[in-house]
Amino acid sequence: MDWNRKSPLIEEIYTESKTGRQENNEDAIYQGTHFVAVIDGATSKTKAVLDGKTGGQLCAQQIMDTIHDLDENITGEAAVSQIYMDLKEMAKLRGLEQKGIHCCASAVIFSCARREIWAIGDCQYMIDGQHYTNSKSIDRIMSEARVAAIYMLLQKGITEEQLLQHDHSREIIFPLLQEQKYLENSKAPYGYPVFNCHTQPDFIIQKVPDRCRIVLASDGYPFLRESLAESERELSELLKEDPLCYKKYCSTKGLQAGNISFDDRSYIRFSLGEFK
């Protein structure tokens, strides 16, 4: 085994839209010589689009473009600042606010030169099998509110099958989901870090060993595992056992008719070395 390789050796990579149509995917994966990243564009809360792209897609693409142009030795602080400034400029030039488009994304970025992972928002990662998350307390509250709404609706006589066709429970919490943007990068209770076009986020720096395997993923994998096959199997079992995502796994959204999952998902595994 040659552990002297500086750039990551990609072992598995996969991204998929919840609809099964790539043009709808608000996730993105960046893989380059100096950086690897998973970006999770936030699910749009409006129907507003620009050139057919949602705010989450526009945000993810701009983050990818900025990462591509970053100096390989840049610090995490400087990189996050540059991404924010580019997002702010993009939003201004394209008039996103005037068009009613909210640009927002989480990301987890690996710097090869610095041997660091920079985590912004609620993407997740693994280092040699150790799982790290940065879940938001507001997501837990919103998820619990939706679960409570589901039980109310079930008691009312609406069936799970009907909710899979039309998720009334998400409609109940949707006004709060729309207002949640005011907590982005806020120091107030329930505030949370995220890339957007208005404020610069805090982020986590995680040092990694010179010899290790790393998985970066979006939260479309509710049970992240060390291989793509295992992660996919866990997701498949969840969608069979709890498609509404309110018993085995609580979420602000569940599987809807015509979709293949409850959320977009992205996974990349790589090693800091080369197998021979």
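The values are calculated or read from the model by the stated rules, or taken from the named source; none is laboratory data. Just so we're clear, the structure is a prediction, and the values are computed from it rather than from any experiment. No Cβ is skipped: glycine too gets one built from the backbone with ideal geometry, and neighbour counts run over all protein chains shown.
Quick look at the values:
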{"read-out": "Yes/no for residue 119 being small (Gly, Ala, Ser), crowded, with 18+ Cβ neighbours inside 10 Å and under 17 Å from residue 66 (Cβ atoms)", "value": "yes"}
{"read-out": "Residue in segment 17-49 that is surrounded by the fewest Cβ atoms within 10 Å (Cβ to Cβ), counting only those that are at pLDDT below 95 and either of a type in the set (Lys, Arg) or not in a loop (DSSP other than H, G, I, E, B) (or both)", "value": "47"}
{"read-out": "Members of segment 239-276 that are part of a helix (DSSP H, G or I) and under 22 Å from residue 42 (Cα atoms)", "value": "239"}
{"read-out": "Any chance residue 91 is part of a helix (DSSP H, G or I), exposed (fewer than 13 other Cβ atoms within 10 Å of the Cβ) and among the small types (Gly, Ala, Ser)", "value": "no"}
{"read-out": "Filter result for the condition that a residue is free of Cβ contacts under 8 Å to residues at least 12 places away in the same chain and out of contact with any Asp or Glu (no Cβ under 6 Å at 6 or more places or on another chain), over 236, 231, 251", "value": "236"}
{"read-out": "Subset of segment 129-144 [buried (at least 16 other Cβ atoms within 10 Å of the Cβ) and of a type in the set (A, V, I, L, M, F, W, C)]", "value": "138, 142"}
{"read-out": "Condition broken by residue 114, with the remaining ones in (1) crowded, with 16+ Cβ neighbours inside 10 Å; (2) under 21 Å from residue 223 (Cα atoms); (3) basic (Lys, Arg) satisfied", "value": "(2)"}
{"read-out": "Flag for residue 74 being within 22 Å of residue 33 (Cβ to Cβ), in a helix (DSSP H, G or I) and either touching a residue at least 24 places away in the same chain (Cβ under 8 Å) or in contact with a Leu (Cβ under 6 Å, 6 or more places away or on another chain) (or both)", "value": "no"}
{"read-out": "Condition broken by residue 205, with the remaining ones in (1) of a type outside the set (Lys, Arg); (2) buried (at least 18 other Cβ atoms within 10 Å of the Cβ); (3) touching a Phe, Trp or Tyr at 6+ places or on another chain (Cβ under 7 Å) satisfied", "value": "(2)"}
